Every structure is written in structure tokens, then in C-alpha cells.
Amino acid sequence: MKVSKKQKEKLKQFCEFSGWTKYEFFVDEGISGRKADKRPAFQDMIKHAKKKEFDVILVHKFDRFARSREDSVVYKSLLKKECNIKVVS
């Protein structure tokens, strides 16, 4: 998925406003967001989440998290139940 500089800047501003000093971007540049299992950065994010390295995933829009409604539900549920991580837009 293509992430614009403007989107990153807005996400950084939100983090600063929220008092979050540590953040990382997981971006699948040039890869379709239709299948979560085909997105290396997304899978890396899930791997880090399972290690409980963070407690929030911030996305510019929810469709940036997953294009497939099924993937969105599956991964948000996994993150909430297994990792206690919220996905926020």
C-alpha cells in the first residue's frame, strides 16, 4: 500500500498529541492490501504484536489496515484477544 508523506505526518502528529514517544511504521509499499498473508510488513507487525512490543496500532484509515473485510475482522480479533492491542484510526 502506498503511504503518503502527508499520512505519515498526520500519524506522527497524532502520536505526539497523544504523548506517544515511540512509534514505528509498517508499510507494504507497492503491494496490494487485498490479502494480509501476502503483505510482509503487515505480517511483521503481527509478529511484533504477538511479542507484545506495543499496545496500539494506529492507521490513517481503517481500510489501510486491511482491504478485505474478512482479514480485518480476523486480525483485529486476534490482536484484541491474544495481544490486548487496539487498532485505532
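When the residues of the range 56-70 are filtered to those that are within 21 Å of K12 (Cα to Cα) and part of a loop (DSSP other than H, G, I, E, B), the one that is modelled with the highest pLDDT is V59. As a summary of the residue check, V74 satisfies the conditions (1) in contact with a Lys or Arg (Cβ under 9 Å, 6 or more places away or on another chain); (2) more than 20 Å from W20 (Cβ to Cβ); (3) among the aliphatic types (A, V, I, L, M) except for the one numbered (1). Sort out which residues of the range 73-89 are of a type in the set (A, V, I, L, M) and either surrounded by 12 or more Cβ atoms within 10 Å (Cβ to Cβ) or not in a helix (DSSP H, G or I) (or both), and write them in order of number. Listed by number, the residues that qualify are V74, L78, L79, I85, V87, V88. Once the range 44-55 is narrowed to residues that are more than 13 Å from K76 (Cα to Cα) and assigned to a helix (DSSP H, G or I), the residue that is most open to solvent (accessible area, probe 1.4 Å) is K47. I'd like the full set of residues that are touching a Lys or Arg at 6+ places or on another chain (Cβ under 9 Å) and hydroxyl-bearing (S, T, Y), limited to the range 77-89. Matches in the range 77-89: S89 only.
Look at the range 21-35: where a residue is open to solvent by less than 80 Å² (accessible area, probe 1.4 Å) and modelled with pLDDT of 90 or more and a partner is assigned to a loop (DSSP other than H, G, I, E, B) and of a type in the set (A, V, I, L, M, F, W, C), sitting 6+ places away or on another chain with Cβ atoms under 8 Å, you get F25/V3.
The values are calculated or read from the model by the stated rules, or taken from the named source; none is laboratory data. The structure presented is a predicted model; accordingly, all values stated were derived computationally and were not measured. Glycine gets a Cβ as well: all are built from the backbone with ideal geometry, and neighbour counts include every protein chain shown. For accessibility, only protein heavy atoms count, side chains too; no ligands or nucleic acids. Shrake-Rupley method; radii C 1.70, N 1.55, O 1.52, S 1.80 Å.
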